[in-house]
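Notes to accompany the following structure.
All of the numbers you see were taken from the coordinates with simple rules; none came from a lab. For clarity, every value in this text was computed on a predicted model and none was experimentally measured. Cβ coordinates were reconstructed from backbone atoms using ideal geometry, including for glycine residues, and neighbour counts include every protein chain displayed.
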Amino acid sequence: MKIAVCIKQIIDPEMPCSAFRINPEEKRAIPPPGIPPVISPFDENALEAALRIKDEHGANVIALSMGNKLARPILKKALAAGADELVLLEASEFESLDSFASALVLAAAIRKLGNVDIIFTGRQGADWDLGITGCAIAEELRVPCITVARKVEVNSNCVRVERVLPDGFEVIKASLPCVITVDSDLGELRYITLQGLSGIQKKPVQSWTLSDLNLVLPATSRHQLLDIYIPKHETACEIIEGATIEDAALNLANRLKEKSLL
């Protein structure tokens, strides 16, 4: 069995707000110095789902990541956790693609891998939170798609998935190959051991460009952010005084009443 897991490199969502910066001219977030990017947490859930199947059925797990100037030490975390291969789709053309163009590229890479039984993605990216790419990959590949999975079991040539609902879950079965987007309810990525870290060097890392995929991107393939609004936080302090403490309290109450705060 061959499993592909799509993992996305994002700015660390847990970084302090004071470190977050916006470039108003380029209309994008600036990666803060000293705070490395991370794998999107939902994609880590997807990787854990793949590794659980590998533990039970001996699957070959391939991690896929797309972008430009990817941080290899960060993405090699997938190898340290137990993935067998890492494929980096890395080129300037892959920067700032929208969800549908990203799905087009990832689907082409999955076809190049050949005979992939299950494609896992996170339920959504932890940066844009759109939740489109996984479903769009399934549409490109013309295979079934099951979203927001909390448990995945493989039986013969089909999967049994518990899918999260607002008031519980439902059970869905689908034939292979298929795409499954994974929810955080499945559980966090397993702890990375020293043995896993030491085994990184033995596992292959491939780098593919647009030409390797024999793909032509559509002209309208990138996010078009027309404007960005950065709110200004302005504060003002007014001292309410009085001849006595009682007068000051009365003046404060009158001012609050004027402002319709009391």
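Based on the reciprocal of the average 1/r between different C-alpha atoms, the Kirkwood radius for the chain equals 20.8 Å.
For Lys259, the aspartates and glutamates whose Cα falls under 15 Å of its own Cα, not counting residues fewer than eight places away in the same chain, are Glu238. Spin-label pair Ile132-Gln201: with each label point 7 Å from Cα along the Cα-Cβ axis, the two points sit 4.3 nm from one another. Given Cα pairs under 8 Å that are at least 6 residues apart, what percent is the relative contact order of the chain? Over the chain, the number comes to 22 percent. For region 2-213, the share of DSSP beta bridges that are antiparallel, to the nearest 5, is 40%.
In the structure shown, the pairs Lys54/Lys112; Lys54/Lys173; Lys27/Lys202; Lys2/Lys27; Lys76/Lys151 are assessed against 29 Å; a Cα-Cα span above that value is assigned to Lys27/Lys202; Lys2/Lys27.
What FRET efficiency comes out for Leu261 versus Glu26 if R0 is 51 angstrom and r is the Cβ-Cβ distance? Round to the nearest 0.05.
Numbers: r = 41 Å, r/R0 = 0.80.
E(calc), rounded to 0.05, equals 0.80.
Axis of helix 41-57 versus longest Cα principal axis of the chain: the two differ by about 30°, to the nearest ten degrees. Take Asn60, project a point 7 Å from its Cα along the Cβ direction, then tell me which residues of region 95-119 have their backbone nitrogen under 17 Å from it. Once the point is set 7 Å along Cα→Cβ of Asn60, 109-119 turn out to lie under 17 Å by backbone N, inside region 95-119.
Here the label points at Met15 and Ala71, each 7 Å from Cα along the C-beta direction, are separated by 0.8 nm in the simple model.
Quick one: dipole size for the chain, taken about the Cα centre, charges +1 on Lys/Arg Cβ and -1 on Asp/Glu Cβ, in debye to the nearest 20. Don't jump to the answer; show the numbers that get you there.
Numbers: 28 positive and 35 negative charges, 203 e Å.
In debye, rounded to 20, the chain gives about 980.
Exposure proxy for Met66, Met15: other Cβ atoms within 10 Å of each Cβ, ordered fewest to most, give Met15, Met66.
For a Förster distance of 25 Å, can you work out the FRET efficiency between the beta-carbons of Ser156 and Leu113, rounded to the nearest 0.05? It would help to have the intermediate numbers written out before the result.
Values: r = 22 Å, r/R0 = 0.89.
That gives a FRET efficiency of 0.70.
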